[in-house]
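The values are calculated or read from the model by the stated rules, or taken from the named source; none is laboratory data. These numbers come from a predicted model, not from an experiment. Backbone-built Cβ (ideal geometry, glycine too); neighbour counts: all protein chains shown. Just so you know, the surface numbers come from the protein's heavy atoms only, side chains and all, with ligands and any DNA or RNA stripped out. Shrake-Rupley method; radii C 1.70, N 1.55, O 1.52, S 1.80 Å.
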Protein chains: 2
Amino acid sequence: MNAADVSIETIHHELTAFARRARASAGRLHPELSLVSYTLLGHLEDVGGCRATDLAAHYALDKSTVSRQVSALERAGLVERRADAQDQRVQVLHLTPAGKEILAQVTASRRVAFRERLAGWPEEDLERFAGYLLRYNAAAGGVMFRAAPASD
Amino acid sequence: MNAADVSIETIHHELTAFARRARASAGRLHPELSLVSYTLLGHLEDVGGCRATDLAAHYALDKSTVSRQVSALERAGLVERRADAQDQRVQVLHLTPAGKEILAQVTASRRVAFRERLAGWPEEDLERFAGYLLRYNAAAGGVMFRAAPASD
DNA sequence: TCTTCTGGTTGCACCGTACAACTAAGTGGT
DNA sequence: ACCACTTAGTTGTACGGTGCAACCAGAAGA
């Protein structure tokens, strides 16, 4: 096992640990906004409104899951559905002011957490780390794990 | 917003994306071994057997959750419980040969996935990336998000 | 028009999780 | 020796997130 393999093993291990920890702790702080809800709201803000189908495709979620998430967010008053003039089936989703507010709060609080955790890092390392994550996620392309090589 | 803040924002965004993606896709490949089961088995292999309470403490899970996970793993024949001579309450958990086998398979297949995704990276970048993740996770110290700064 | 496609909802089942109540076993004080 | 307290683990219950399948309503094309 050469040095590159050791590094890959470490990356594997640490990213797995991160994912597990995120899963375990994501819901406990900000109970009003789960990790998925948060990313959904964030996407709506980024793109400025889209359809439920777009969310499902973008996040590789089942449309039923998105439907329920959106229902919950609407019930909470964070998103609103607007009819589409061209197509009566689609409902364009938009953030409400309350949704923008909550999203901003949660983002700010999480940013603080990340900033604390990254305090003391040289700017050069921050930039490289960010670059590596971008590059890695781009390569991951929406799927975290591939199927087993030979067993299927 | 200076360059460091931009980097931190990117790290925040990309790690969040990774966590969400992991959550969404972890269960679909290797349905026989969820992300949690996998890390539990991995820990048992690393430390060579421990108590359910140790697992709960190490992964910040409720003991009931661990109890059920362990029960499932035992039912699947991947771990076995051994009585402790000193304390009749504790059951020391060990991987069975089948557990070692499955763990090795899943690890291998995931390693392949990571290796593919990291193919073409210069060895220097791999080492730095691994180092950054280690450093970040060490700073995270078991909790992914801190409470909101002022709202509570 | 009639069939097919598409956006979305709902019923159902499953998993992972927490909390609370509980049992069984060890520990310590009197 | 006994009783209170702690600790390890299980079980009941509830909840949130997820996928699949069935379904409905609107749109598009043969």
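Couple of notes before you dig in:
- The lysines within cross-link reach of B:Lys100, meaning a Cα-to-Cα straight distance under 28 Å and a gap of 8 or more places when in the same chain, are B:Lys63.
- In degrees, nearest ten, helix B:97-117 long axis to first principal axis of chain B (Cα): 10 degrees
- Area of A:Glu9 that stays accessible when all protein chains are in place (1.4 Å probe, Å², to 10): 50 Å²
- Other-chain or far-sequence residues with amide H under 5 Å of B:Gln91's (modelled H): B:Ala52
- Inter-centroid distance (Cα atoms) of region A:102-137 relative to region B:114-143, Å: 15 Å
- Net charge of Cβ neighbours under 14 Å - reference B:Val70; Lys, Arg +1; Asp, Glu -1: +2
- For region A:1-107, the set of trypsin sites (Lys or Arg not before Pro) satisfying both a DSSP loop assignment and a count of at most 11 other C-beta atoms within 10 Å is given as A:Arg89.
- Protein-only accessible surface order, largest first, of A:Asp62, A:Asp87 at 1.4 Å: A:Asp62, A:Asp87
- Gaussian network model of chain B, Cα within-10 Å springs - most flexible of B:Ala83, B:Ala60, B:Ala139: B:Ala139
- Isotropic mean projected area of the C-alpha convex hull, region B:25-140 (nm²): 8.7 nm²
- Inter-copy label distances at A:Ser67, shortest first and taken from points set 7 Å along Cα to Cβ: 3.7 nm.
- Chains A and B together bury roughly 7500 Å² of accessible surface, counting both sides and using a 1.4 Å probe on protein heavy atoms.
- Karplus 3J(HN,Hα) series, Hz, for region B:6-12 with 6.51 cos²θ - 1.76 cosθ + 1.60 (x for Gly, Pro): 4, 4, 4, 4, 5, 4, 3
- With respect to chain A, whose longest principal axis is taken over its alpha-carbon atoms, helix A:35-47 is tilted by about 70°.
- What the Cα convex hull of the protein assembly as shown gives, in volume per residue, is 176 Å³.
- Per residue, the protein assembly as shown exposes 50 Å² of accessible surface when a 1.4 Å probe is rolled over the protein heavy atoms with every protein chain present.
- Label point of B:Ala83 (7 Å along Cα→beta-carbon): distances to the other copies' equivalent points are 7.3 nm, sorted ascending.
- For A:Thr53, the distances from its label point to the matching points in the remaining copies are 5.6 nm, ordered from shortest, with each point set 7 Å beyond Cα toward Cβ.
- Heavy-atom surface analysis with a 1.4 Å probe gives the protein assembly as shown a carbon and sulfur content of 52 percent of its accessible area.
- Charging the Cβ of each Asp and Glu at -1 and of each Lys and Arg at +1, and nothing else, the dipole of the protein assembly as shown about its Cα centre rounds to 940 debye.
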